[in-house]
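Notes follow the structure.
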Amino acid sequence: GVTVHIIPLMLERGFAMVTIVATIAMIGPMQVAGRVVVSVFEKWLDFRKAGIISGIFLLLGFALLSMAQPDNNLNYLFPIFYGGSLGIITIVRALAVPELIGPEAYGALNGLLGLASSLALAATPVLISWVWLISQSYTAPLLLLSAIALGSLISFIIAVRR
């Protein structure tokens with residue numbers, strides 16, 4: 001949802017298009033950086049710790065984006081945490097099923113997780129649009145995304161403790 005709405009969100013806050021493009025362009029490389037960091041530190045960073053870091057990074061990214069203004073450059077910190085989170089969670093998803101449930105039916109379970117993830121990815125831009133229409137500001141959608149991210153982090157922590 002952020003990817004779809006980041007341009008109007010930043011325009012609403014008064015950012016110049018060149019700054020918006022620079023901010024968006026950083027997200028992909030930060031995803032790669034997140035994956036590299038997890039790979040480099042895999043001896044010390046199991047999927048549980050990586051998942052928690054990913055969730056915290058996502059919350060930090062949303063916080064930075066919500067506070068970003070043209071005069072404070074927080075928009076350039078946002079992709080570090082947001083992109084890093086997306087990169088890390090890719091690895092965590094691949095490792096979580098066999099670690100938590102076992103290798104049996106790995107493909108089917110990952111398929112179900114992928115289906116849920118795809119449905120959420122498809123629905124989120126619409127949900128953000130509805131919240132924006134009601135509030136006429138991107139503050140409310142960012143709060144909603146932060147609440148969802150917090151709920152996801154708490155759910156992950158509960159799941160990996162069992």
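The values are calculated or read from the model by the stated rules, or taken from the named source; none is laboratory data. None of the values given here were measured: they were computed from a predicted structure. Note that each Cβ is placed from the backbone with ideal geometry, even for glycine, and that neighbours are counted across all protein chains shown. Each accessible area value is taken on the protein alone, full model and side chains, heavy atoms only, with ligands, DNA and RNA left out. Shrake-Rupley method; radii C 1.70, N 1.55, O 1.52, S 1.80 Å.
Filter segment 70-89 for residues that are open to solvent by 60 Å² or more (accessible area, probe 1.4 Å) and under 16 Å from the mean Cα position of the chain (by Cα); which is farthest from R13 (Cα to Cα)?
I80
Considering only segment 9-54, state which residues are in a loop (DSSP other than H, G, I, E, B), modelled with pLDDT of 95 or more and surrounded by fewer than 13 Cβ atoms within 10 Å (Cβ to Cβ).
Hits for segment 9-54 are G14, A16.
Just one of (1) open to solvent by 40 Å² or more (accessible area, probe 1.4 Å); (2) more than 20 Å from I52 (Cα to Cα); (3) not aliphatic (A, V, I, L, M) trips up R161, so point out which.
In the conditions (1) open to solvent by 40 Å² or more (accessible area, probe 1.4 Å); (2) more than 20 Å from I52 (Cα to Cα); (3) not aliphatic (A, V, I, L, M), R161 misses (2) alone.
Quick test for you: out of L133, L112, L127, L95, pick the one residue that is in a helix (DSSP H, G or I) and under 17 Å from the mean Cα position of the chain (by Cα).
L127
If R48 satisfies all but one of (1) over 21 Å from L121 (Cα atoms); (2) without any contact (Cβ under 8 Å) to a residue 60 or more places away in the chain, what's the number of the condition it fails?
(2)
Check segment 39-52 and report whether any residue there is under 16 Å from L145 (Cβ atoms) and of a type outside the set (F, W, Y).
Looking for residues that are under 16 Å from L145 (Cβ atoms) and of a type outside the set (F, W, Y), one finds none in segment 39-52, hence no.
Could you tell me whether I6 is over 30 Å from V160 (Cα atoms), surrounded by 13 or more Cβ atoms within 10 Å (Cβ to Cβ) and of a type outside the set (K, R)?
Yes.
Return yes when L65 is in a helix (DSSP H, G or I) and free of Cβ contacts under 8 Å to residues at least 12 places away in the same chain and no when it is not.
In short, no.
Looking only at segment 138-148, decide whether some residue is open to solvent by less than 60 Å² (accessible area, probe 1.4 Å), under 22 Å from M67 (Cβ atoms) and touching a Pro at 6+ places or on another chain (Cβ under 8 Å).
Yes: segment 138-148 contains one or more residues that are open to solvent by less than 60 Å² (accessible area, probe 1.4 Å), under 22 Å from M67 (Cβ atoms) and touching a Pro at 6+ places or on another chain (Cβ under 8 Å).
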